[in-house]
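Comments concern the structure below.
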Amino acid sequence: MLIDNSLVSLDKLVGNKIEGSSINDVMDAGGFNFEVVEENLGKDVQGADNWKVLRRGEGGDVINVVRDTYQVIQNREILEPFDEVRRQFKAEWSQCGVIGKGNNIWVSAKLPEELQLKSNSQDKLCGYIMAILNHDGTKADSVFPYVDRLFCNNQFNTVAKSARGMTIMHRSNYEQRINVLMNSFKKGIEKNIEFVNTADALDSQKISREELEKVVSRLFPDKKVRNKGEEVLLSGETSRNRVIELFSNGAGNKGETRWDAFNAVTEYIDHHQGAKRINNAILRDGQSVLASDRMRRGFERRFMNNMVGGQSNNLKHSALKLLSGKL
């Protein structure tokens, strides 16, 4: 997110850096020192026998109401096998945090080798593995790779929409979780390297202004939407113009190649889209507004949308396909 002219990654806005290497260090940094408590829904509620309440700790906030067949996995039950696999791959703890009232917890680990483009050794990408544990029963637990471009803190989940990563079943045992995480790390490294090879190919291909305009028109078209019962045209012109500007002026961009075009799209989605409203709020109310509940909820929505198959992630994958000639 563009804040005070700095490009700040969303994981830093909704999480905390992990200082240290132990599970307890992660628990403390993420605020994971809670258990999900199950309670009966109540005898006065019709059909209550088939449902239960999930709370963040004894007497804590209600996370959700779920079917009685739902099986809780506690935070340590994911973090411990994740840590075991992380150490085997020599990955370092990076960031972690809680989404909502405990609906999800997430943790990331940085892989040991930095990836760089062949044609530009200064353009470096860091590879990560992220795990998201869902506590409200609405999503599967997921493990997936992503890369962070050092020039601009753009983040890209390198797994396509149709295969967002590996999932961990809530009924799995410790050994099964180890196996899933081990495979996730292996496949994650492969996916990140595959993406760098694609980036190298894009960086070797020039793109004309006319081609760029066609790409951004596909990604950010004018749309007909309904507003108060009437159909109105929602213009995508502002988004298109901003991406074209970032093609030349975005962090690390030269305004020449398909790689520049891809990074213009990702920088716009990650940092510039909606930034004006946020920076106006900072000017009006000061830096403390970033810690407000309303602002944090907005950052959390963007983070999940960006990382686990939401509209932002889908747009990035569409951009990659368009620029690679696969769409």
Residue pairs within 6 Å by beta carbon, gap of at least six or interchain, first lying in the range 52-70 and within 11 Å of Thr138 (Cβ to Cβ), second among the basic types (Lys, Arg) and surrounded by 19 or more Cβ atoms within 10 Å (Cβ to Cβ), listed first then second, are Ile63/Arg56
Of the residues in the range 273-299, those that are part of a helix (DSSP H, G or I) and either touching a His at 6+ places or on another chain (Cβ under 6 Å) or among the small types (Gly, Ala, Ser) (or both) number 5
Just one listed residue, out of Ala275, Ala264, Ala291, Ala281, is free of Cβ contacts under 8 Å to residues at least 60 places away in the same chain and either among the hydroxyl-bearing types (Ser, Thr, Tyr) or within 20 Å of Asp148 (Cα to Cα) (or both), and it is Ala264
The residue from Glu230, Glu245, Glu267, Glu211 that alone is closer than 30 Å to Ser142 by Cβ and charged (D, E, K, R) is Glu267
*May I ask you to verify whether Gly252 is surrounded by fewer than 18 Cβ atoms within 10 Å (Cβ to Cβ), touching a Phe, Trp or Tyr at 6+ places or on another chain (Cβ under 8 Å) and either more than 28 Å from Leu125 (Cβ to Cβ) or among the β-branched types (Val, Ile, Thr) (or both)?*
no
Picked from the range 197-228 (must be among the β-branched types (Val, Ile, Thr) and in contact with a strand residue (DSSP E or B) (Cβ under 7 Å, 6 or more places away or on another chain)), the residue most open to solvent (accessible area, probe 1.4 Å) is Val225
Residues of the range 233-249 being open to solvent by 10 Å² or more (accessible area, probe 1.4 Å) and more than 21 Å from Gly325 (Cβ to Cβ), in sequence order, are Leu233, Leu234, Ser235, Glu237, Thr238, Ser239, Asn241, Arg242, Glu245, Ser248, Asn249
Self-check item: Condition check for Leu111: part of a strand (DSSP E or B) and open to solvent by 10 Å² or more (accessible area, probe 1.4 Å)
Solution: yes
Output for Cβ contacts, cut-off 9 Å, separation at least six or different chains, first residue within 14 Å of Gly102 (Cα to Cα) and modelled with pLDDT of 95 or more in the range 22-46, second small (Gly, Ala, Ser) and not in a loop (DSSP other than H, G, I, E, B), reads Gly30/Gly97; Gly31/Gly97
When Ala91 is run through (1) touching a Pro at 6+ places or on another chain (Cβ under 7 Å); (2) of a type outside the set (Phe, Trp, Tyr); (3) open to solvent by 50 Å² or more (accessible area, probe 1.4 Å), the failure sits at (3)
Over the range 1-20, the set of residues within 15 Å of Cys152 (Cβ to Cβ), open to solvent by 50 Å² or more (accessible area, probe 1.4 Å) and touching a strand residue (DSSP E or B) at 6+ places or on another chain (Cβ under 7 Å) is Lys12
Restricting attention to the range 231-261, the residues that are free of Cβ contacts under 8 Å to residues at least 60 places away in the same chain and closer than 15 Å to Val215 by Cα number exactly 16
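Report yes if Thr138 is surrounded by fewer than 23 Cβ atoms within 10 Å (Cβ to Cβ) and hydroxyl-bearing (Ser, Thr, Tyr), otherwise no. Explain how you work it out, then say what you get.
On the way: surrounded by fewer than 23 Cβ atoms within 10 Å (Cβ to Cβ): yes; hydroxyl-bearing (Ser, Thr, Tyr): yes.
For Thr138, the condition - surrounded by fewer than 23 Cβ atoms within 10 Å (Cβ to Cβ) and hydroxyl-bearing (Ser, Thr, Tyr) - is met.
Okay, residues lined up against (1) in contact with an Asp or Glu (Cβ under 6 Å, 6 or more places away or on another chain); (2) part of a strand (DSSP E or B):
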position: Asp49; (1), (2): no, no
position: Gly60; (1), (2): no, no
position: Ile63; (1), (2): yes, yes
position: Ile73; (1), (2): no, no
position: Lys118; (1), (2): yes, no
position: Ile132; (1), (2): no, yes
position: Asp148; (1), (2): no, yes
Residue set Lys191, Lys187; condition under 17 Å from Lys316 (Cβ atoms) and either surrounded by 15 or more Cβ atoms within 10 Å (Cβ to Cβ) or polar (S, T, N, Q) (or both); output residue Lys191
For Met169, the lone unmet condition from (1) surrounded by fewer than 16 Cβ atoms within 10 Å (Cβ to Cβ); (2) more than 22 Å from the chain's Cα centre (by Cα); (3) under 26 Å from Glu92 (Cα atoms) is (2)
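The values are calculated or read from the model by the stated rules, or taken from the named source; none is laboratory data. This one's a predicted model, so the numbers in the text were calculated from it and none came from an experiment. Every residue, glycine among them, receives a Cβ derived from its backbone with ideal geometry; neighbour counts consider all protein chains shown. These area figures cover heavy atoms from the full protein model, side chains too; ligands, DNA and RNA do not enter into them. Shrake-Rupley method; radii C 1.70, N 1.55, O 1.52, S 1.80 Å.
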